[in-house]
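S.K.: Here it is, the structure in full.
The values are calculated or read from the model by the stated rules, or taken from the named source; none is laboratory data. Quick caveat, the model's predicted, so the values are computed rather than measured. Glycine gets a Cβ as well: all are built from the backbone with ideal geometry, and neighbour counts include every protein chain shown.
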Amino acid sequence: MNRNLAMKPFAYLLMSLVFIFIIGCHKDTEQDKIKKIIVNVQTAAEEKDVKTIINSLSKTYKDPQGYDYDTIKGMLLGYFFRHQKIHVYLTNIEITVQDAVAQAVFQTVLSGGNKSTSVSDILPEELGMYSFEVSLKKETDEWKVTSAKWERVGTGESGDH
């Protein structure tokens, strides 16, 4: 009977080690890595962290709207300057990967406003739902955004709205 009592802690330790080993062996898929980039950009936008967003872009970034790496940076700075508070909500993220290129399609709800000093300030100054198609490629073992196309849902407008 004493032997069984001594075995219980050993069994728990062994089960814990197996569990840790299984979790530790989980390797992110390429889709997981890309989703992390998108979520990091979402968080960075809410924190107005231009550097993190720009670091996710390829230096060769070029999109159908005619924007490149530098114009996206300027656009972000302008948007962040205009809005004290920014909220980004992501939905329906679909990611496809083929070798060193990937495509992410998702919708966002973007809102921007200023400090809340009255009840009317709680409502966002700008609110819009956008559909995004983002192209990525693997550059030195990291996924980078090479192009993005976005369109405001319901208006057919695209670009920097």
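S.K.: Among Lys149, Lys144, Lys137, Lys115, which is the only one that is outside any strand (DSSP E or B), basic (Lys, Arg) and either more than 19 Å from Lys36 (Cβ to Cβ) or modelled with pLDDT of 95 or more (or both)?
M.R.: Of Lys149, Lys144, Lys137, Lys115, the one residue that is outside any strand (DSSP E or B), basic (Lys, Arg) and either more than 19 Å from Lys36 (Cβ to Cβ) or modelled with pLDDT of 95 or more (or both) is Lys115.
S.K.: Which residue out of Tyr130, Tyr79 is assigned to a strand (DSSP E or B), modelled with pLDDT under 95 and of a type in the set (Phe, Trp, Tyr)?
M.R.: None of the other options fit; the residue is Tyr130.
S.K.: Output the residue which, of all residues in region 41-71 that are without any contact (Cβ under 8 Å) to a residue 40 or more places away in the chain, in contact with a Leu (Cβ under 9 Å, 6 or more places away or on another chain) and of a type in the set (A, V, I, L, M), is surrounded by the most Cβ atoms within 10 Å (Cβ to Cβ).
M.R.: The residue in question is Ile53.
S.K.: Just checking, does region 53-65 include any residue being of a type outside the set (A, V, I, L, M, F, W, C), assigned to a helix (DSSP H, G or I) and at pLDDT 90 or above?
M.R.: Yes.
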